[in-house]
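The values are calculated or read from the model by the stated rules, or taken from the named source; none is laboratory data. If you're wondering where the values come from, they're calculated on a predicted model, not measured in any experiment. We place every Cβ from the backbone using ideal geometry, glycine too, and count neighbours over all the protein chains shown. To get the accessible areas, we keep the full protein, side chains included, count just its heavy atoms, and leave off ligands, DNA and RNA. Shrake-Rupley method; radii C 1.70, N 1.55, O 1.52, S 1.80 Å.
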Amino acid sequence: VLGQVHRTYILAETEEGYVIVDQHAAHERVMFEILLGNFETERPASQGLLMEEVLELHPRQVEILKKKLSFLAKLGFEIEPFGERSFVVRALPAILKDENPLTLIKQFVDEKEAGKTHTRLKDAQEDVAAMIACKRKSVKAADPLTLPAMQGLLEQLARCKNPFNCPHGRPSIMKYSLTDLEKQFKRKL
Ligand SMILES: [Zn+2]
């Protein structure tokens, strides 16, 4: 890792040349694969809340959330219906532990209600992508990262099944070869 460009892109040297990584797209990809892994293994890494929180919804949204409860449980959320229009939230996926759980769930339900689709993926994958889109809203456009944090993100990205796109289809990594640079600087013709 060489450094960060405009607090948005990570510049790193590779054997063939260098890469520019969009840190938010990369972070989304890493989260997507971890959450999908939670879902598929059905053994999610969960983080309990110090104090349980209560989420109140419109009747229409109550139905939407009820249908998604088993999906959300597999991601690592612990949510239980509480009265007619409320839900108690006790835990959330460990990877989302710094988020506000109520905001996250509310935005997810809003997106489902609006019928927004982010991808051409199927069902669970689509839902996980939607969850990450909600999380993304709370992230600032520019985010300073330390060198070890950048290194860690690139290592996690390298372990992804598809490191090249965010779950919504945006590219996460651009590769540039030394040969291209040499041509541009007319070292080689
Ligand atoms: Zn995305």
Notebook entry, point to check: Counting pairs of alpha carbon atoms under 8 Å apart in space and at least six apart in sequence, what relative contact order in percent does the chain give?
Noted result: 32
Note to self: Name the residue from L36, M174, A142 whose Cα lies farthest towards the positive end of the charge dipole of the chain, charges +1 on Cβ of Lys and Arg and -1 on Cβ of Asp and Glu.
What the structure shows: M174
Notebook entry, point to check: Farthest toward the dipole's positive end in region 42-96, which of A91, L55, F71, given Cβ charges of +1 (Lys, Arg) and -1 (Asp, Glu) about the Cα centre?
Noted result: F71
Notebook entry, point to check: In degrees from 0 to 90, rounded to the nearest 10, what is the angle of the helix 101-114 Cα long axis to the longest principal axis of the chain?
Noted result: 90
Check: Within straight cross-link reach of K116, meaning Cα distance under 19 Å, which lysines are found once same-chain residues fewer than 8 apart are removed?
Finding: K66, K67, K68, K106, K135, K137
Check: So for region 1-70, Kirkwood radius off the Cα pairs, Stokes-Einstein at 37 °C and 0.692 mPa s: how many µm² s⁻¹?
Finding: 203
Margin query: Tell me the accessible surface of R90 in square angstrom (1.4 angstrom probe, heavy atoms of protein chains only), to the nearest ten.
Written below: 80
Check: Label-point separation (nm) for F82 and F164, each offset 7 Å from Cα along Cα-to-Cβ?
Finding: 4.6
Checklist line | Nitroxide proxy distance, nm - points 7 Å out along Cα→Cβ at R7 and E42 | finding: 4.4
Note to self: Net charge within 9 Å of K68 by Cβ-Cβ distance, Lys/Arg positive one each and Asp/Glu negative one each, not counting K68 itself?
What the structure shows: +2
Checklist line | Full-stretch length increase - E16, L189 - with 0.36 nm per residue and alpha-carbon distance subtracted | finding: 60.5 nm
Note to self: Tell me the net charge near P44. Cut-off is 11 Å between Cβ atoms, P44 excluded, with +1 for each Lys or Arg and -1 for each Asp or Glu.
What the structure shows: -1
Next item on the list: State to the nearest 20 debye the size of the charge dipole of the chain about its Cα centre, where the only charges are +1 on K and R beta carbons and -1 on D and E beta carbons.
Entry: 580
Check: So how tilted is helix 59-75 from the main axis of the chain? Cα-based, degrees 0 to 90, rounded to 10.
Finding: 60
Next item on the list: Please give every one of the aspartates and glutamates within straight-line cross-link reach of K112, meaning a C-alpha to C-alpha distance under 17 Å, and leave out same-chain neighbours fewer than 8 residues apart.
Entry: E56, E63, D123, E126, D127
Item checked: Largest to smallest principal axis extent of the C-alpha atoms in the chain, angstrom -> 73, 33, 30
Note to self: Leaving out ligands and nucleic acids, and using a 1.4 Å probe, what accessible area per residue does region 41-189 come to in Å²?
What the structure shows: 63
Check: For V88, what is the net charge nearby, where nearby means another residue's Cβ is under 12 Å from its Cβ and Lys, Arg count +1, Asp, Glu -1?
Finding: -4
Notebook entry, point to check: When the accessible area of the chain is computed with all protein chains present and a 1.4 Å probe, what percentage of it is carbon and sulfur?
Noted result: 53
